[in-house]
Amino acid sequence: MSNHAMFYKCALQVNPHSYNQYRGKEHKISEAEYNQQILESCTSENIKVIGLADHGNINSSESLRKLLTDNDITVFPGFEIASSEKIHMVCLFPENTSATSLNRYLGKLDITDPNDGVSPSKYSCLEIAKIVEDDLEGFWYAAHVTGDNGVLKIGKMNHIWKDSRLKAAQIPDTLENVPPNYKTIINNKEPTYKREYPLGYINAKDISEPSELLEKNSYCLIKMSDLNFDSFKDAFHDPVSRVKLSHDQNEVYHSSIDSISIYGGYLDGFTVDLSRHLNTTIGGRGTGKSTLLELIRYALELEPKSITSKKIISELVRYNLGQDKGRIELNVTSHSDYGNKYKIIKRYDDTAVVETIDGHVSNLKVNDILPNIEIFGQNEIIELINNDKAKLNILDRFLPKKNINIYEKKDVKNQLKKNSMKLIEACNSKEEKLEIISKLPALEEKDTFFKKEGISDKLSKLEALSTEEEYLKKADEVLKNHTIDFKEISLPFSSEIIDKTLNPDKLKAVDKIFNHFNESIRDLKEQYTTLNEKFYLEFNLIFDGWKLIEKESDKEIRESITSLEGLNGKTGSEIASDYRSTIQEIARIKPIEVEVEKIQEDINELSRERNTLLEKLRKIQDDYYDSLRKSVRKLNKGKLKGKVEIVIHPSQNREELLTRLAEIDGLGERSLLGIKEIENLTISSFLDDINEGHEKLMKKYKLSPSKAEILSNISFEKKLEIELIELIDVIDVKLNIASIESTEENYKSLNMLSKGQQCTAILSILMLDNNDPLIIDQPEDNLDNSYIANNFIDGLRDYKLNRQFIFSTHNANIPVFGDAELILVMNEENGQGSIKEGCIGAVDNYNVKESVIRTLEGGDTAFKMRRAKYNL
């Protein structure tokens with residue numbers, strides 16, 4: 001049996017074989033068969049507790065009681081009895097109560113006709129209740145309160161209904177399905193029936209046939225640490241948390257850390273099975289509570305949120321695991337992976353290993369199986385206050401399309417980064433070529449001079465051949481460098497698995513298509529190689545023919561050069577050489593103008609593509625804001641109503657923009673503070689202002705002339721980088737600081753609240769809607785005691801049904817009024833931290849209860865003194 005409290009199915013009105021005679025019926029099966037079928041029904045429905053309650057009779061129950069007890073089903077023996085008002089009451093007693101004692105109890109209750117079995121007692125309902133509780137140390141509940149002989153149907157029994165001795169009432173179905181004329185009473189809104197203390201409502205069908213145990217209303221759910229009568233009775237001291245109708249059974253699944261084992265360091269040998277709900281560790285300072293939570297964090301490979309405590313935590317882990325080559329092992333259940341169970345093994349200074357339940361190493365990482373787990377060390381919650389990104393991450397859990405949005409945005413940003421690289425490359429190439437083209441006017445001016453002096457006419461053949469040579473060399477370069485990537489394809493699945501599929505013929509056909517495709521690719525590649533060789537050969541023949549023409553023209557060209565007269569001190573040969581280089585350079589540069597036109601077309605196309613991607617990114621952001629607004633409105637009107645109000649200020653955090661700009665030489669964050677003051681700043685409008693020039697920057701952003709000049713001249717590459725900066729939303733979390741008695745709400749922003757109020761506001765959101773565990777070291781730090789008692793505990797009792805919480809605490813309210821399913825009492829012995837012997841369980845465990853009083857309440861004397869001072 002687990003150490004922690006958990007809900008057990010309890011069928012609290014099961015009758016023996018002989019019961020049917022009181023109903024005027026006969027069984028078609030023997031007593032032995034009846035008993036066996038009762039056992040089988042209990043096993044089938046996982047019913048762990050039976051209330052064996054015949055009408056005014058005990059002896060006929062003993063054979064069934066023995067069979068159930070022998071098969072590890074806890075039996076609380078008892079009987080059903082009618083009071084003098086004819087109210088039916090079921091009375092139950094400890095599991096070790098003998099039949100003799102039960103018969104004596106029946107005698108003490110003075111039934112008018114003991115042989116009848118259904119005759120009423122001479123005592124009233126509350127008199128019977130007093131005898132059962134005080135004298136016999138038993139437990140009773142009001143049977144079928146809305147049916148015949150029920151305390152409500154009889155009427156005018158409000159004094160009984162309101163009495164503190166009435167702790168449990170049986171109803172046939174759900175609270176919603178209670179007959180309308182009783183609903184206001186059941187909901188405690190009928191003034192004449194209004195109770196001061198909560199009542200435990202139970203389902204407990206009057207079982208006379210084994211098959212009836214299979215029905216939902218035959219049992220209820222009682223939370224206990226131990227399957228014994230004391231724990232059972234204790235549950236009704238806190239029925240809201242510990243007593244549930246069968247229909248309230250939680251069907252929502254969530255992740256959990258199921259067990260922790262530590263090897264090495266201060267907590268060496270520590271091992272514990274955790275509850276899937278609320279777990280708390282208590283103990284004196286230095287007993288290892290914080291160490292335990294920090295080692296869990298280390299095993300989950302989560303970084304501390306507090307920058308100041310990173311070094312301290314790192315040293316703590318090194319001390320506990322590094323010196324002993326220790327490790328932590330966590331057994332976990334993953335909600336994100338459909339309830340599968342894993343073991344996480346984290347050795348010091350090594351990557352965590354994730355094992356499947358059968359011991360095989362999984363390819364999954366810790367983040368895959370517990371993606372949204374949250375852990376906060378001491379005072380780390382307060383550090384969220386000024387971290388807009390962290391506050392946004394808290395809100396992410398409420399967004400229905402969060403992951404889709406993240407993946408889409410990531411994909412578009414990756415495309416934009418690739419676009420940036422191509423755009424920068426194209427622009428750089430254009431700039432390089434424009435720089436070459438910029439030489440053309442001077443060359444053409446020189447050519448004009450040669451023409452004016454008649455040199456071009458005399459060397460016209462040289463000009464023509466030089467130009468042709470450059471064109472042919474360019475053509476040679478294009479043909480030589482031309483390539484096509486003939487990439488073959490591979491099946492996206494292994495051919496070995498085809499025969500194991502449902503439709504192997506279809507997959508074989510796909511395999512055949514892929515093979516034919518690759519054969520065709522190889523044929524095309526061969527054809528291309530042949531084609532390339534053929535046309536390159538043809539080109540070379542043409543080029544070689546041209547070279548012969550050039551050679552034949554060589555004599556004529558030399559004669560033309562010889563005929564040149566000297567000019568300005570240069571010989572005819574020097575003039576011819578200068579002329580040749582000029583016209584060759586012009587011939588080389590002229591085609592580059594065409595290349596620049598082509599590059600410009602590419603730039604225009606890349607710019608169009610970029611604008612399309614940027615608009616796609618904006619639409620993704622629009623969807624995100626639409627979803628965020630809806631979720632925030634729903635939260636504000638729903639789970640946070642009257643407590644906290646969330647307000648979103650889109651794109652108001654400019655920290656990343658300022659950091660990036662401050663990296664530019666000559667700029668610094670202090671000189672850019674004017675950017676923070678602009679109300680509706682967008683990245684695109686900011687870039688437009690940069691492109692407009694320094695005067696716009698000076699006027700709008702209050703920049704100095706020198707800073708504005710630097711910013712207006714940033715590189716194209718830097719502008720593309722800025723274009724991808726995402727301005728973070730500013731989250732204002734407002735707390736309702738109005739008193740509980742006030743009907744008016746009074747919300748104040750975080751920056752106007754005390755630290756305790758700030759933590760209150762953030763914690764109210766942290767508690768909500770997450771399927772992975774929340775782990776906090778001393779959540780009461782900085783919190784007001786009134787908030788813990790009036791808000792935090794109520795929320796905790798509700799949320800823990802669908803989420804695991806692991807807290808270290810010094811505040812008694814959290815484990816006690818939060819009704820922690822598991823309380824670990826830590827102590828130090830011989831220099832080692834450990835769980836105090838016998839002090840593990842819920843508050844219904846005697847040792848745990850004593851430790852809570854001693855550790856958190858200052859001891860039994862202090863506890864009693866407080867009760868006396870408060871006049872409780």
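The values are calculated or read from the model by the stated rules, or taken from the named source; none is laboratory data. Fair warning: this is a prediction, and the values are worked out from it, not measured in the lab. A quick note on method: Cβ atoms are made from the backbone with ideal geometry, for glycine too, and the neighbour counts reach across all protein chains shown. Please note that ligands, DNA and RNA were not included when accessible areas were found on the heavy atoms of the full protein model with its side chains. Shrake-Rupley method; radii C 1.70, N 1.55, O 1.52, S 1.80 Å.
Tabulated values for the structure
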quantity	calculated
Extension gain (nm, one decimal) between GLU677 and ASN830, 0.36 nm per residue minus Cα-Cα	49.1 nm
(1) 69; (2) 54; (3) 65, with the label sought being that of the calculated percent of Cα pairs over 35 Å apart	(1)
Accessible area of region 226-359 divided out per residue, in Å², using a probe of 1.4 angstrom	45 Å²
Computed E for TYR253/ASN393 - FRET, C-beta separation, R0 35 angstrom, nearest 0.05	0.90
Cross-link table LYS452/LYS570; LYS233/LYS849; LYS391/LYS634; LYS418/LYS630, entries beyond 23 Å C-alpha to C-alpha	LYS418/LYS630
Using a Förster distance of 41 Å, the FRET efficiency for LYS162-THR356 (Cβ separation, nearest 0.05)	0.15
Between helix 572-637 and the chain: long-axis angle, C-alpha atoms, 0 to 90°, nearest 10	20 degrees
Farthest toward positive dipole pole in the chain [+1 Lys/Arg, -1 Asp/Glu at C-beta], among ALA442, ILE549, ILE740	ILE740
Where trypsin sites (Lys or Arg not before Pro) fall in DSSP loop in region 143-240, at most 16 other Cβ within 10 Å	LYS156, ARG165, LYS189, LYS194, ARG195
Cα-based reach from LYS525 at 27 Å (exclusive), listing lysines while leaving out same-chain residues under 8 positions away	LYS473, LYS474, LYS480, LYS487, LYS508, LYS512, LYS534
Qualifying aspartates and glutamates (Cα of each under 17 Å from Cα of LYS500; at least 8 residues distant if same chain)	ASP511
J(HN,Hα) series, region 242-248, from Karplus relation 6.51 cos²θ - 1.76 cosθ + 1.60, nearest Hz, glycine and proline x	10, 10, 10, 6, 4, 6, 8
Computed label-point distance, nm, for sites GLU196 and ILE737 using a 7 Å Cα→Cβ extension	3.6 nm
Stretch gain in nm, segment SER494-ASP665, where the contour uses 0.36 nm per residue and the Cα spacing is subtracted	56.1 nm
Phi-based couplings in Hz for region 411-417 (Karplus 6.51, -1.76, 1.60; Gly and Pro marked x)	5, 5, 5, 5, 5, 5, 5
Karplus-derived 3J(HN,Hα), 6.51/-1.76/1.60, for each residue of region 451-464, Hz, glycine and proline x	5, 4, 7, x, 5, 4, 5, 5, 10, 4, 5, 4, 5, 4
Cβ-derived FRET efficiency at R0 60 Å, GLU556 paired with ASN386, nearest 0.05	0.10
Positive-end residue, the chain charge dipole about Cα centroid, Cβ charges, pick of THR467, ILE498, TYR528	ILE498
Nearest-ten-degree value, helix 755-766 long axis tilted from longest Cα axis of the chain	90 degrees
Within region 239-361: Cβ-based charge dipole about Cα centre, in debye rounded to nearest 20 (Lys, Arg +1; Asp, Glu -1)	460 debye
Only Lys, Arg (+1) and Asp, Glu (-1) charged, at Cβ; the chain dipole about Cα centre in debye	2360 debye
Residue-span extension gain [ASN181 to LYS508] - 0.36 nm each, minus C-alpha spacing	110.8 nm
Antiparallel %, DSSP beta bridges [both residues in the chain], to 5	65 percent
Of LYS343/LYS389; LYS194/LYS216; LYS305/LYS836; LYS590/LYS719; LYS696/LYS719, pairs whose Cα-Cα distance is over 20 Å	LYS343/LYS389; LYS194/LYS216; LYS305/LYS836; LYS590/LYS719
Nitroxide proxy distance, nm - points 7 Å out along Cα→Cβ at ASP798 and GLU435	6.8 nm
Fraction of accessible area attributable to carbon and sulfur, the chain (%, probe 1.4 Å)	49 percent
1.4 Å probe accessible area per residue over region 103-190, in Å²	49 Å²
1.4 Å probe accessible area per residue over region 474-565, in Å²	80 Å²
Dipole axis of the chain (+1 Lys, Arg; -1 Asp, Glu on Cβ), positive-most option in VAL90, GLY51, VAL816	VAL90
